[in-house]
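Participant: Questions regarding the structure given below will be posed in turn.
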Amino acid sequence: MQKQIIFLMLLSILLPAACSSPASSVAQQRPEVVLFRADNTNLEMGTSTMLRWQVTGADSIEIDGGIGKVGASGNMQIRPTSLSAYNLTASNPGGTVVCSVIINVKPFVKVTGTTTAASQPSSPQDALKYLPRLQANESYVFYGDAVMVGADEHYIVMRNNPSARNPSWAELVAFLQSDTTDKWTYVPGKFTCGDFAEKLHNNAEAIGIRAGLVAVQLKSSDMTEGVVNHSLNMFETTDRGLVYIDTTSSSQGFYADKMVDVVVGEDYIPVALFPQPGQMQKWPSMGVVLAFDIKQW
């Protein structure tokens, strides 16, 4: 009996120590991707950009798209030929982290006389799988497998109204007079012609007027190389047929709605629809129209 009491006393002393002595294992944290980006995510066909990364706590780091295993930090020049997603996968026993960079590539425009090869819009599934999902009434503006972007690099999205109809010329003029798209300020890198065209299109469709979006390439007389890419809108009127409207503003500010004839080989000369005292009615030529790059409803 005495031995049993001594054993129980020893057990009561030892048990607390036995429960607390083993160090509890701490789960390893997953790697941290400190940096994964490209210097430029909207490239002209044939140009390149620098892909940069920095990862901590990873045992294995791999970038797809033909790059393969890489070190914890670095950079690499890439030259994708179409809309591409580069995925960085960092792993350790604590888990895996995946980060992505999407590069949009704008194809060369090849003039074929009256239009370009890109005039027939397409929205390939390979491109769509990289892009944010849109609502049923929304669509990206595609040329080839590239996507049109605004000055601030956002994707241009057309919001279409299934009930929209072609307006009469008088209805179109009344809409343009009331619309405030041309009140926006032209700001390079923030809000330029593509943004004006996107806003006017969506405002028109919202009130039931069917609208389209056009991008043209122009060659200015003072340019020895390169082209000017410009965006505007089109409307199929019931009494005057197809008309092109350029609402891109300028230093003149409000009342910047203009009508223009878009003809390959001819000068692009906008004419003010609502000229005001002190404002130009016939604007200077922006250059000779080389081609229609996009023509989408």
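The values are calculated or read from the model by the stated rules, or taken from the named source; none is laboratory data. In this text, all values refer to a predicted model and were calculated from it rather than measured experimentally. Positions of Cβ are backbone-derived with ideal geometry, glycine not excepted, and every protein chain shown enters the neighbour counts.
Participant: Could you tell me whether segment 71-85 includes any residue that is under 19 Å from Tyr130 (Cβ atoms), without any contact (Cβ under 8 Å) to a residue 60 or more places away in the chain, polar (S, T, N, Q) and surrounded by 13 or more Cβ atoms within 10 Å (Cβ to Cβ)? Break it down stepwise before answering.
Facilitator: Filtering segment 71-85 for residues under 19 Å from Tyr130 (Cβ atoms) gives 78-85.
Then keep just the ones that are without any contact (Cβ under 8 Å) to a residue 60 or more places away in the chain; that gives 78-81, 84-85.
Then drop every residue that is not polar (S, T, N, Q), which leaves 81, 84.
From what is left, the residues that are surrounded by 13 or more Cβ atoms within 10 Å (Cβ to Cβ) are 84.
Within segment 71-85, one or more residues are under 19 Å from Tyr130 (Cβ atoms), without any contact (Cβ under 8 Å) to a residue 60 or more places away in the chain, polar (S, T, N, Q) and surrounded by 13 or more Cβ atoms within 10 Å (Cβ to Cβ).
Participant: Could you name every one of the helices (runs of 4 or more DSSP H) located completely within segment 124-220 that has at least 2 residues being assigned by TED's automatic domain parsing to the domain that holds Val262 and surrounded by fewer than 18 Cβ atoms within 10 Å (Cβ to Cβ)?
Facilitator: Per the criteria, 125-128, 169-178.
Participant: Let me ask another. Within segment 110-117, is there a residue that is within 22 Å of the chain's Cα centre (by Cα), part of a loop (DSSP other than H, G, I, E, B) and modelled with pLDDT under 85?
Facilitator: no
Participant: Quickly run through segment 194-244 and pick out the residues that are touching a residue at least 60 places away in the same chain (Cβ under 8 Å) and within 14 Å of Leu172 (Cα to Cα).
Facilitator: Arg210, Ala211, Gly212, Met234, Phe235, Glu236, Thr237, Thr238, Asp239, Arg240, Val243, listed by residue number.
Participant: Then there's this: What number of residues within segment 149-176 are in contact with a Phe, Trp or Tyr (Cβ under 7 Å, 6 or more places away or on another chain) and over 30 Å from Val105 (Cβ atoms)?
Facilitator: Matching residues across segment 149-176 total 2.
Participant: While we're here: Go over the candidates Ser100, Ser84 one by one and state the one that is assigned by TED's automatic domain parsing to the domain that holds Ala58, farther than 30 Å from Ala27 by Cα and at pLDDT 60 or above. Let's see the steps before the verdict.
Facilitator: On the way: Ser100 fails: farther than 30 Å from Ala27 by Cα.
Only one candidate qualifies: Ser84.
Participant: While we're on this one: Got at least one residue in segment 173-195 being closer than 13 Å to Thr237 by Cα and in contact with an Asp or Glu (Cβ under 6 Å, 6 or more places away or on another chain)?
Facilitator: No: zero hits.
Participant: Which of the residues that make up segment 255-268 are of a type outside the set (Gly, Ala, Ser), in a loop (DSSP other than H, G, I, E, B) and surrounded by 14 or more Cβ atoms within 10 Å (Cβ to Cβ)? Don't jump to the end; show me each part of the working.
Facilitator: To start, the set of residues in segment 255-268 that are of a type outside the set (Gly, Ala, Ser) comprises 255, 257-264, 266-268.
Subset that is in a loop (DSSP other than H, G, I, E, B): 255, 257, 261-264, 266, 268.
If the condition is that a residue be of a type outside the set (Gly, Ala, Ser), in a loop (DSSP other than H, G, I, E, B) and surrounded by 14 or more Cβ atoms within 10 Å (Cβ to Cβ), then Tyr255, Asp257, Val262, Val264, Tyr268 are the ones that fit.
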